[in-house]
Amino acid sequence: MIFYSLTIWDLALLVLRLCFVVPVVIHVLLTKRDVGASIGWIGVTVLMPLTGGILYLMFGINRVHRRARRMAGQHPWRSRTMSSQWRCDEKGAFAPLGSMVGKLTGRPLLGGNTIEPMHDGDTVYPRMLAAINAAERSVLLCSYIFRADSIGRQVCDALIAAHGRGVQVRVLVDGVGSGYFNCGVARILHRAGVPVGQFMHSMLPWRMPLINMRDHKKILVVDGLTGFMGGLNIGEENIAASHPTHPVSDTHFQIKGPVVHQLSEAFARDWAFTMGEELTADIFFPPQASCGETPGRIVTAGPDMDLEKIEYTMLQAFTMARHSIRLMTPYFLPDDRFLTELELASLRGIEVDIVVPAHSNHTLLDWARAANLPRFLDSGCRIWMARPPFNHSKLMVVDRHWSFVGSSNLDVRSLRLNFEINLETYDAALAGSLDAFIASHRHIRLTHHDLDRRPFVRKLRDAAARLMLPYL
């Protein structure tokens, strides 16, 4: 029998390994809710203590959630978005949904709004530019992608001009989506003296500037009275008239009425988080008047105090459906919880239609999506492929009465890691219009036969891509 004795170097190496592994294991056990993620992080760190520990330090710790808890409480502008004057209660079949979302978000459902859908940058950008050029008091603009191309420079010029005539302008762009190493619009606006922030942008890895947790919101509020939100980024690819190489269609919304206060609040929270400035002046939250008949409410989500609130809203809406669920999304990679609720809705006789692009602008996502679709088809859901141009719209309609629109894609990253903003409305006319728009893009129905006839190599590739679902 051979006996091995530990040398001083063996003991030192063991202690060093434990110094990396033990803190990670303790932190994972105490903070992670997802069992799969917990097992993954512990396994990686045990097998590769140094590499695993560094990766966990950079990407595994939710510092946004920790900071949000420190900042929790009533912001100075919070009470302005809770005005009882325009509060309303949804009646009828969707009353339980309205009550649940109110408790979930802490925001009331507000009546007296006009919400107008607009399609593509050719229509939306002129409206946005006109609003900025007419601004008298304030402009709040947030965009995930804000390119320094021809349309981006037009928007920059309008913002600089507004700033020059005394308008209070605040611009927030994502620290990755709008250019991590070179953000042209931030440089242009900063040189002109316009207050501009880059969301979670830092060269320091422990401030997690790289992949996770991006601000995916698209918000424009002018004078606190007119709002724009939806899925549209700022870039030439969204203008069909410019004949871009890779054109993108999208849907955006112009909003007037009391719910604009909640839109301003969503911007103010991200601005305070990024820049440390509380937007408390009356010019950002002026008195609101009734502008229409549509009840609406903003729902925000992110890896902070709003964790998974958009997904919870969708899941509750699925349980409320009695006739139909229509979904339109550029990327469709939901988790098992989302998938199961849609399956159950279809199995109880609800018409479930899911419209996705035939080809998105992320090939890897298309591969993973293909491997994720058979379960939907098995339960009776109908999957439709929309022909080009690539449509980036994010729309959901239930029973042609309730609508949920905004920036959130239907994938794990968007629903759990990104900071997103959606708008729920209870309006049959608006829901009917969006339902018809979704139906108009049901070009090619996907069947089991389409998936089965893929070559073996493609099936293998797609299945491998699907393993990356939590990270796509």
Give, in whole angstrom and from largest to smallest, the semi-axes √(5λ) of the equivalent ellipsoid of the stretch 84-162, with λ running over the eigenvalues of the Cα gyration tensor. 35, 15, 13
Quick check: with the 1.4 Å probe, what order do 467, 55, 395 take by accessible area, largest first? 467, 55, 395
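Would you tally the net charge around residue 165, using a Cβ to Cβ cut-off of less than 12 Å, leaving residue 165 out, and scoring K and R as +1, D and E as -1?
Values: positive: 137; negative: 136.
Around residue 165, the surrounding residues sum to 0.
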Mind jotting down the distance between the C-alpha centroids of the stretch 447-469 and the stretch 253-316, whole Å? 40
How many nm is it between the label spots at residue 348 and residue 39, if each spot is 7 Å from the Cα in line with the beta carbon? 3.0
In terms of the Cα gyration tensor, with a ≥ b ≥ c the square roots of its eigenvalues, is the stretch 256-365 rounded because a/c is under 1.5, prolate because a/b exceeds b/c, or oblate? prolate
Label points 7 Å out from Cα along the Cβ direction at residue 337 and residue 375: separation in nm? 1.4
Loop-only GluC sites (Glu not before Pro) in the stretch 232-307, please: DSSP not H, G, I, E or B, and at most 15 other Cβ atoms within 10 Å. 277, 278, 293
Pick out the long, greasy-scoring helices in the chain: whole DSSP H runs spanning 24 Å or more along their own axis by Cα, mean Kyte-Doolittle at least 1.0. 8-31
For the stretch 132-180, the convex hull over Cα atoms projects on average to an area in nm² of 3.2
Between the alpha carbon centres of the stretch 118-172 and the stretch 179-199 the gap in Å comes to 14
So what does residue 401 come to for accessible area, using a 1.4 Å probe and Å² rounded to 10? 50
Please list, or write none, the lysines whose alpha carbon is within less than 16 Å of the alpha carbon of residue 217, excluding same-chain residues fewer than 8 places away. 309, 394
Label model pair residue 448, residue 323: point-to-point distance (7 angstrom along the Cα→beta-carbon line) in nm is 3.0
Using the Kirkwood radius built from alpha carbon pairs, what does the Stokes-Einstein equation give as D for the stretch 407-472 at 37 °C and 0.692 mPa s, in µm² per second? 212
Positive-end extreme of charge dipole, the chain - chosen from 14, 181, 323 (charges on Cβ): 14
FRET efficiency for residue 436 and residue 202, using Cβ-Cβ distance with R0 set to 51 Å, rounded to 0.05: 0.70
If contacts are Cα pairs under 8 angstrom and at least 6 residues apart, what is the relative contact order of the chain in percent? 16
Protection proxy (average C-beta count within 10 Å per residue), highest first, orders 251-261, 19-29 as 251-261, 19-29
Structure-derived volume of the Cα convex hull per residue in Å³: which label, when the choices are [x] 137; [y] 205; [z] 176: [z]
Loop-only check: which trypsin sites (Lys or Arg not before Pro) in the stretch 399-472 are DSSP coil with at most 14 other Cβ within 10 angstrom? 453
What number, in nm² with one decimal, is the all-direction average of the projected area of the convex hull of the alpha-carbon atoms of the stretch 265-304? 3.9
Counting other Cβ atoms within 10 Å, which trypsin sites (Lys or Arg not before Pro) in the stretch 346-398 have at most 13 and lie in a DSSP loop? 348
Taking H placed 1.01 Å from N in the peptide plane, check which residues at least 5 places from residue 351 or on another chain put their amide H under 5 Å from its amide H. 324, 325
Along principal axes, largest first, the alpha-carbon spread of the stretch 316-446 in whole Å comes out as 36, 31, 28
Sum of -39500 (n - 2.57) over DSSP H runs of 4+, divided by residues of the chain (222 nm, nearest 500): -12000 deg cm²/dmol
What residues have an amide H closer than 5 Å to that of residue 215, excluding those fewer than 5 places away on the same chain, when H is modeled at 1.01 Å from N in the peptide plane? 175, 419
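The values are calculated or read from the model by the stated rules, or taken from the named source; none is laboratory data. Computed from a prediction, not measured in an experiment: that's the story for all the values here. When we count neighbours, we look across all protein chains shown, and the Cβ atoms used for this are built from the backbone with ideal geometry, even at glycine. In case anyone asks, the SASA skips ligands and DNA or RNA and just uses the protein heavy atoms, side chains included. Shrake-Rupley method; radii C 1.70, N 1.55, O 1.52, S 1.80 Å.
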